[in-house]
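The values are calculated or read from the model by the stated rules, or taken from the named source; none is laboratory data. Please read these numbers as outputs of a predicted model, since none were measured by experiment. No Cβ is skipped: glycine too gets one built from the backbone with ideal geometry, and neighbour counts run over all protein chains shown. With ligands, DNA and RNA removed, areas are computed over all heavy atoms of the protein, side chains included. Shrake-Rupley method; radii C 1.70, N 1.55, O 1.52, S 1.80 Å.
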Amino acid sequence: MIKKTVRQYIVLILMTSLFLTASNTLCYALPFSIKTKAGTNLPSHVVEGETAIAYYTVANNTMSLRKNNFVKYLPPKVQQVITDNNFNDICGTTFTLQPKGIAGSSCTLKLLISGAVNGNDPNPRHHLFVCFPGGATCSGTEKGAQNTLSVSVVSFSVIAVGAYNDDSNITHPLLLLGNKNQNDWSAVSIPIPSNFSSSGVFNTTICTGNVCIATGEFTSGNDKNPLLVSQNSGINWSSGSTTLPADFAADGILNDIDCSGTNGSICATGGLYSNGLTNKPLILSTTDTGITWFSAPLTLPGDFISEGQINAVSCTINNCIGVGSYRNVTIKKPLILMSNSSITSWGSVSTILPSDFVNNAVLNASFCQGSHCIAVGSYSDGLAIKPLLYFSNNNGSTWTLASATLPANFSTSGFLNNTTCVGSRCIAVANYRDNHAITRPLVMISSNTGASWSAVTPTLPADFSSNGFLLEVTCTGANCITVGDYRNNNKQLPLILVSTNSGTTWSPVSPTFPPDFLNSGYLDAVICNGNICAAAGDYVNSQNVNIPWMLASDDSGTSWKTVTSSLPPDFVSGGLMNSVAAPNK
Amino acid sequence: MGTHWRKSVVIITWLIILFYFLPLSYASHSHSFCHYKMCGDELISYHPVFILTGGTATARVGQSQVFPIIDSSSYNFAINKAFTTELLGGGYAGMEFDFHPDWYLQTGLSYYQVSAFTSRGLLTQGADPQSSDQYLFRYRVNSRRVLIDERLLYNNCHQYHPYIAFAFGVAFNKAYGYQVDYPPFLTFSPLFSSNRTTAFTYRLGFGIDVDTLANLRLGIGYRFSDLGKVSLGSGHIDTVKIGSTLTQSHLYTQELVAQLTYMIT
């Protein structure tokens with residue numbers, strides 16, 4: 001008796017297995033197939049007080065038309081949204097699906113997440129279920145971590161971007177989020193382009209309102225491609241899709257980005273690309289805060305021959321400018337491109353060169369506010385490399401060479417890497433070589449919105465010996481902070497200078513060091529939101545590995561502490577941070 | 001029908017062997033095997049009898065069913081056709097009328113219960129074959145009966161009494177513990193609550209009783225029973241109430257029993 005029962009069971013189970021393996025797509029054959037929408041990621045975090053979006057594809061798995069299907073259950077804190085700017089097949093409150101295999105057999109389910117979601121909730125009614133109109137024939141989400149919605153609430157106040165290497169020495173773009181109290185940073189997963197092979201890096205990041213964007217490049221095969229990601233509310237990052245210039249052949253790199261002010265959805269990111277013969281300036285623009293990008297036509301200077309690139313972009317509500325350099329045969333000249341108000345086209349703006357200009361002019365940084373813009377860089381007069389400064393009072397339509405008084409001990413190698421203004425007070429920073437061949441930090445200030453500049457001598461750390469560089473400057477009111485690095489006798493140390501009088505005088509500040517700091521540390525970026533500041537760079541640890549270095553200050557930069565950061569699981573070495581940004585700044 | 005049947009047969013065979021030798025040993029003290037009856041006498045006597053019964057009941061539990069379409073999906077419950085065997089026990093109290101030299105009539109009331117049967121099957125549910133799935137299900141059934149129980153024994157002046165039996169009464173059936181192996185985060189499947197059913201039941205059987213020690217008989221028998229209707233309770237798919245449930249119109253059992261009769265003379 002029992003043996004016969006067991007035999008029958010075995011047959012049943014075998015028949016069931018055969019039947020199930022014959023169902024080609026699912027482990028269980030269900031009326032709907034519900035999976036995360038291809039090309040999107042489910043959010044894993046949502047910012048406290050904000051929302052995140054998830055997209056699923058709901059597909060009809062039956063061979064008949066199914067009318068009036070609906071979403072019966074959702075996790076708490078999750079609602080269905082029936083409008084979307086990106087997809088035109090959003091599932092409605094009730095929706096009809098064509099039979100499997102026919103166009104219209106699926107729709108995109110859009111969900112709005114406003115709190116934590118427990119992916120392991122034991123109550124099935126706290127999970128996504130889509131049903132036939134009677135509410136009895138239903139499907140849940142397909143199995144797999146990639147389809148399971150599990151969201152924790154975080155509060156983040158700052159992001160930092162850069163790169164790192166894994167154990168195959170492949171460089172990956174790195175994105176870190178700092179929590180609200182800035183006592184913890186964590187690596188966030190970012191979408192990887194399907195053709196990524198190596199050398200991925202984020203060069204720049206910006207937040208507009210509570211949406212943040214990061215751009216850079218990656219290598220696919222032999223070519224560098226632009227890399228664009230944005231965070232469309234919450235902390236899920238998606239790849240931006242972009243058109244590229246018609247003559248794009250290879251090597252797209254993006255160096256800088258700016259958006260048209262808080263809550264502006266217009267952004268432009270600039271760099272360069274190769275058309276197979278030479279490098280040309282590359283500018284990609286977005287009007288939907290980073291979801292889709294386009295390459296607007298650029299009208300280059302009439303004497304453009306080669307090696308055009310954009311190093312910095314600045315935008316206001318009026319328009320955007322991009323600054324960099326290009327070559328006219330043997331002469332390297334400054335490049336300024338100005339966009340129209342809708343950033344659908346860019347034209348070159350001519351500039352008058354300094355009277356002692358010989359060659360190698362380049363603009364590295366720009367800043368615009370209202371109708372005022374400044375652009376800074378360097379040029380060579382045949383003997384020395386000197387700072388180059390321009391200003392414009394009409395949104396970049398015309399530019400005037402600014403007058404500048406250099407430091408008394410200036411000798412050569414005067415560069416300007418970054419600039420910012422608060423009202424009419426502007427600061428530009430980088431480095432120069434003095435008459436003892438010591439490279440010192442260079443700080444220049446203007447009180448008339450960049451028309452004239454003078455150098456100030458910042459008080460340096462007592463152990464400063466040489467190789468002082470400044471990479472970024474930021475101001476909040478009259479409080480300014482600039483960061484870089486310098487050399488004492490045997491170490492390269494982070495340099496932090498703080499001013500409370502809009503840059504007239506500066507004092508050095510030393511941060512607390514990580515316990516495994518070996519002999520080198522660099523700071524590349526700094527940002528403040530009120531009196532909360534964050535700085536990012538990297539240091540070499542006791543294992544001789546470059547580790548991303550995050551510093552936090554809650555007193556406008558007067559004191560800094562090292563903040564631990566969790567890194568991606570495949571981090572091995574080569575950590576560096578290029579840029580920081582803060583949402584809702 | 002396997003092991004349970006075999007076990008029953010073995011037990012009963014030993015009992016038969018025991019019955020044969022016990023009376024023989026007893027009989028050596030007596031000239032006749034007729035203990036309670038004088039051959040040829042016309043006396044009618046009656047006395048109370050109590051019978052204790054133990055044995056097995058074998059049944060095919062559950063009935064394949066196809067529900068009417070619910071929310072565009074079909075639900076096809078295919079019951080595993082195998083027989084299952086459970087233990088059976090019961091008691092009888094009545095009177096035995098020795099109304100004829102050759103016949104005894106026992107009439108009385110009995111109570112029987114079976115330990116729980118398990119019904120198993122495979123549910124195929126889905127909107128169409130493309131999207132259908134199969135899940136194993138099972139539920140349990142137990143039954144208690146109160147019967148008016150009649151037995152007619154033949155007395156041929158030996159201590160062996162072949163008999164036929166007929167009983168009818170009320171069965172209290174309970175179907176409960178419905179379980180189905182479906183993935184709870186992927187779909188919903190009907191779930192049924194427990195249910196008690198009261199049904200008319202009858203039983204036909206035959207066997208043989210053997211006189212042994214004073215006032216005691218041992219017997220074996222075979223019976224066929226209809227326990228009546230068994231049905232699970234109301235069904236729900238998630239929160240949606242459905243009109244159909246799993247029902248078996250007749251639960252038939254075949255019983256093999258061993259019985260101990262005690263008479264008060």
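Once both labels are positioned 7 Å from their Cα atoms along Cα-to-Cβ, the gap between B:Ala116 and A:Asp247 label points is 8.3 nm.
Legend: calculated FRET efficiency, B:Asn215 to B:His250, from the Cβ-Cβ distance at R0 = 45 Å, rounded to 0.05, equals 0.70. Charging the Cβ of each Asp and Glu at -1 and of each Lys and Arg at +1, and nothing else, the dipole of segment A:146-251 about its Cα centre rounds to 360 debye. Between A:Asp89 and B:Asn76, the FRET efficiency from the beta-carbon distance, with R0 = 41 Å, is close to 0.75. Between A:Ala581, A:Ser392, A:Pro193, the Cα set farthest toward the positive side of the dipole of chain A (charges on each charged residue's Cβ, about the Cα centre) is that of A:Pro193. Per residue, the protein assembly as shown exposes 41 Å² of accessible surface when a 1.4 Å probe is rolled over the protein heavy atoms with every protein chain present.
Residues of segment B:222-252 whose accessible area, computed with a 1.4 Å probe over protein heavy atoms, drops by at least 40 Å² once all protein chains are present relative to their chain alone are B:Asp238, B:Val240. Both chains summed, the buried accessible area for B and A stands near 3200 Å², from protein heavy atoms and a 1.4 Å probe. I'd like to know which of A:Trp549, A:Leu460, A:Ser447 lies farthest towards the positive end of the charge dipole of segment A:446-585, counting +1 on Cβ of Lys and Arg and -1 on Cβ of Asp and Glu. Going by the Cα projections, it comes out as A:Ser447. Computed about the Cα centre, the dipole magnitude for the protein assembly as shown is approximately 1820 debye when only Lys and Arg (+1) and Asp and Glu (-1) carry charge, each at its Cβ. Remark on segment B:91-127: accessible area falls by at least 20 square angstrom from chain-alone to full-complex state for B:Arg120, B:Leu122, B:Ala127, probe 1.4 angstrom. Close amide H pairs (under 5 Å, H built 1.01 Å from N) link B:Gly233 with B:Ser193, B:Ser194, B:Asn195, residues at least 5 positions away or on another chain. What number, rounded to the nearest 500 deg cm²/dmol, is the helix-based mean residue ellipticity at 222 nm of the protein assembly as shown, given -39500 (n - 2.57) per DSSP H run of at least four residues and division by all its residues? About -2000 deg cm²/dmol.
Here the accessible area is traced with a 1.4 Å probe on the protein chains. For segment B:70-141, carbon and sulfur cover 60 percent of it. Counting only other chain Cβ atoms within 10 Å of each residue's Cβ, the peptide A:128-139 averages 6.
Annotation: A:Cys138 carries an accessible surface of approximately 0 Å², with a 1.4 Å probe and no ligand, DNA or RNA atoms counted. For segment B:59-130 and segment B:230-265, compute the distance between their C-alpha centroids and round to whole Å. When both Cα centres are located, 5 Å separates them.
Each of A:Ala525, A:Leu495, A:Ile481 was scored by the projection of its Cα onto the charge dipole of the protein assembly as shown, and the greatest displacement toward the positive side belongs to A:Ala525; charges sit on the C-beta of Lys, Arg, Asp and Glu. When A:Ser157, A:Ser566 are compared by accessible area at a 1.4 angstrom probe, the order from most to least is A:Ser566, A:Ser157.
For the listed residue pairs A:Lys67/A:Lys100; A:Lys35/A:Lys110; A:Lys37/A:Lys143; A:Lys224/A:Lys333; A:Lys77/A:Lys143, the alpha carbons are over 19 angstrom apart in A:Lys224/A:Lys333; A:Lys77/A:Lys143. In this Cβ point-charge picture (+1 for Lys and Arg, -1 for Asp and Glu), segment B:73-197 has a dipole of about 380 debye about its Cα centre.
Going by a ≥ b ≥ c, the root eigenvalues of the Cα gyration tensor, does chain A fall in the rounded group (a/c under 1.5), the prolate group (a/b larger than b/c) or the oblate group? Verdict is prolate for chain A. Of the trypsin sites (Lys or Arg not before Pro) found in segment A:61-109, not one falls in a DSSP loop while having at most 12 other beta-carbon atoms within 10 Å. Expressed as a whole percent, the accessible area of segment A:156-247 that falls on carbon and sulfur atoms is 43 (1.4 Å probe).
Per residue of B:174-186, other chain Cβ atoms within 10 Å of the residue Cβ number 3 on average. Can you list the residues of segment A:29-45 with backbone N under 20 Å from a point 7 Å past the Cα of A:Gln80, pointing along Cα to Cβ? Only A:30-38, A:42-43 pass the distance filter. Angle, helix A:2-22 long axis vs. longest principal axis of chain A, Cα atoms, 0 to 90°, nearest 10? Around 50 degrees separate the two axes. Inter-chain Cβ neighbour count for A:337-347, averaged per residue, equals 0 (cutoff 10 Å, partner chain atoms only).
Between A:Asp356 and B:Val66, the distance separating the two model label sites (each 7 Å from Cα on the Cα→Cβ line) works out to 9.9 nm.
Averaging Cα coordinates gives a centre for segment A:170-246 and one for segment A:523-584; these two points are 17 Å apart. Per-atom-type breakdown for segment A:516-585 gives carbon and sulfur 50% of the accessible area (1.4 Å probe, protein chains only). Taking 7 Å steps out from each Cα toward its Cβ at A:Thr505 and A:Thr457 produces label points 1.4 nm apart.
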